[in-house]
1. Please go through region 254-271 and pick out each residue that is surrounded by fewer than 21 Cβ atoms within 10 Å (Cβ to Cβ), without any contact (Cβ under 8 Å) to a residue 40 or more places away in the chain and of a type outside the set (S, T, N, Q).
2. Filter region 141-170 down to the residues that are part of a loop (DSSP other than H, G, I, E, B) and under 16 Å from residue 196 (Cα atoms) and list them by number.
3. Among the residues of region 73-94 satisfying the criterion of being touching a Pro at 6+ places or on another chain (Cβ under 7 Å) and surrounded by 22 or more Cβ atoms within 10 Å (Cβ to Cβ), which is nearest to residue 105 (Cα to Cα)?
4. Please determine, by comparing only the residues of region 41-72 that are among the aromatic types (Phe, Trp, Tyr) and in contact with a strand residue (DSSP E or B) (Cβ under 8 Å, 6 or more places away or on another chain), which one is surrounded by the most Cβ atoms within 10 Å (Cβ to Cβ).
5. Based on this model, can you work out whether residue 10 counts as farther than 19 Å from residue 196 by Cβ and under 17 Å from the mean Cα position of the chain (by Cα)?
6. Would you confirm whether any residue within region 311-326 is more than 26 Å from residue 128 (Cα to Cα), at pLDDT below 90, open to solvent by 40 Å² or more (accessible area, probe 1.4 Å) and among the small types (Gly, Ala, Ser)?
7. Which residues, counting only those in region 1-40, are in a loop (DSSP other than H, G, I, E, B) and either open to solvent by 10 Å² or more (accessible area, probe 1.4 Å) or of a type in the set (S, T, N, Q) (or both)?
8. Quick one: count up the residues across region 213-248 that are out of contact with any helix residue (DSSP H, G or I) (no Cβ under 9 Å at 6 or more places or on another chain) and open to solvent by less than 10 Å² (accessible area, probe 1.4 Å).
Amino acid sequence: MPAALDRYVGTFVAALAASGVRHAVIAPGSRNTPLTLALTAEDSGITPWLHLDERSAGYFALGIARQRGEPVAIVCTSGTAAANFLPAVVEARLSRVPLIVLTADRPPELRDAGAAQTIDQVRMFGSHAKWAVDMPLPEEGSLLGRYAASTAHRAAALSLEAPAGPVHLNFPFREPLVGATPAAPVSLPLAISEVHPTRLAPPDEAIDNLGSRIAGRRGLIVAGPESAGLPAAAIVAVAELLGWPVVADPLSGLRTGAHDQSRVIDRADVLAREPKFTAVAAPEVVLRFGAAPTSKPLKLWLASIADLDHIVVDDASATTAGLRDPDALSATVLRADPTLLCEALLRAAPSAADPAWSARWVDANAAA
């Protein structure tokens, strides 16, 4: 059985690497030994990171995935060790960060039988995981290598598919967990190409409608938190075209960088508290990229403005990612990749607002 196990796990890890997974964060244990050995092999193509604590390991993986914008694997042994991944899995789902959660498990005959370090791990993360699979046990002479490679590729692709998030693969292993001799190099049973997320282009009619709603009006672009990063240069180019300021959340990524920051407002939290400013600076329309801003004063002020036309750009379906509108302000949610939507708006070239509108915000921001 160890030879079949080595081929099965080795093929899975090779397919992860071929699908663009470059990092794996590993917590110690016994039952996850097959995965650990495959991921730490010199020719795995994956950089292993070792952490003693599963909760810390989960958040470390979350940080790598958030920074690099690519799926990162996290690995643990069976039992309550897997339960300690829950906080990172929840955060990954809400923040739209791609994680591939690999939990080792006892074989089916030891489940619900009082065996040590055994709990119900099948779909244990519930709705917080985008996809969950209880992997089959390896068998001699089977075609499971093809299935393992296909599942690895699908896991990487689904973790990146909008909205990005965590997927969970549960691996039951029987003993012995290690073969007497090192496993031979694994070749993939099918061609695997590195996965890239699909970019959703806005329909022409949506751009026409949006252009007519924002042309010549006093508006704000609100850049909210976004783990995957917002297209800063494209957003400020649209702001320049429209003559609008860009209210940048601390977690938006727009407050620093090489893009033009002359229209970037980083003191909106202060300005929204000042009645003399809010009395003369109320927008007619808000175009938001990313999640809702973290500033409570800003959100409360925008919610208080009567007849505010609030438009949210999100490339994920509300049925799979939830609606990013906690204050129920949005009249419209445009499902589109933010970069592609900005490029379409620039081509449509709607007319700009009065230059004094943006100057009022920029001057007040400088004073604040």
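1. The answer is 255, 257, 258, 259, 260, 269.
2. 161, 162, 163, 164, 165
3. Taking the candidates together, the pick is 89.
4. Within region 41-72, the match that is surrounded by the most Cβ atoms within 10 Å (Cβ to Cβ) is 60.
5. The answer is no for residue 10.
6. The answer is no; no qualifying residue exists.
7. 1, 19, 22, 28, 29, 30, 31, 32
8. 1
The values are calculated or read from the model by the stated rules, or taken from the named source; none is laboratory data. The shown structure was predicted, so the numbers you read here are calculated from the model rather than taken from an experiment. Ideal geometry is used to build each Cβ from the backbone, glycine not excepted, and the neighbour counts take in all protein chains shown. Accessible surface is based on the protein model in full, side chains and every heavy atom, while ligands, DNA and RNA are left aside. Shrake-Rupley method; radii C 1.70, N 1.55, O 1.52, S 1.80 Å.
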